[in-house]
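Visitor: Pasting a structure here, questions to come.
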Amino acid sequence: ETATLGPGAMPLPSVSMAALRSRDAAALEALRASLSSVGFLHLSDHGIASEVLGALSVARAFFESDEDTKSKAAHPRKGFIPVDGCVNAVRPPHLHEKFSCGRLADSLVAGDPYYSGPSDEAALYFGDANQWPDEADAPGFRAAYEAAYRAFE
């Protein structure tokens, strides 16, 4: 099964989260095939409220804003990362821009060494605070992103 997410968008394989949870062989194969070939998929039956997903439309507005606006929230790991802007010891640069966020402060597990331990990986991924766009530059972005993050978590 495929899903088309908008005019001109390439069709994506569609996989049911309910089927994945039940270890349905066809769904597991569709997941493997999609991630091995296309790299993306449309996930259905995930249980995330449509209001949460709809609120993420503010992300499109942020990414359609000019480079100066986006660069105000730039950070090499936690915030806006432009094309070729993510060069570190773990990952090579990428040919896309993105907004990257670590776990929200209220969802961190106090004292859990996975998040605060002495390892270089913990410091790399969890050592910096999230860098959010200013509300004036991206109205509703942080609230929508945090709501979605909590729903996905």
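Values in this text are rule-based calculations from the coordinates and carry no lab data. Note that the coordinates shown come from a computational prediction; the quantities given were computed from them, not determined experimentally.
Visitor: Mind listing the long-range amide H neighbours of Lys98? Cut-off is under 5 Å, sequence gap 5 or more, other chains count too, H placed in the peptide plane at 1.01 Å from N.
Guide: HN-HN under 5 Å from Lys98: Ile81.
Visitor: In whole angstrom, and with the biggest value first, how far do the Cα coordinates of the range 7-87 range along each principal axis?
Guide: 47, 32, 28
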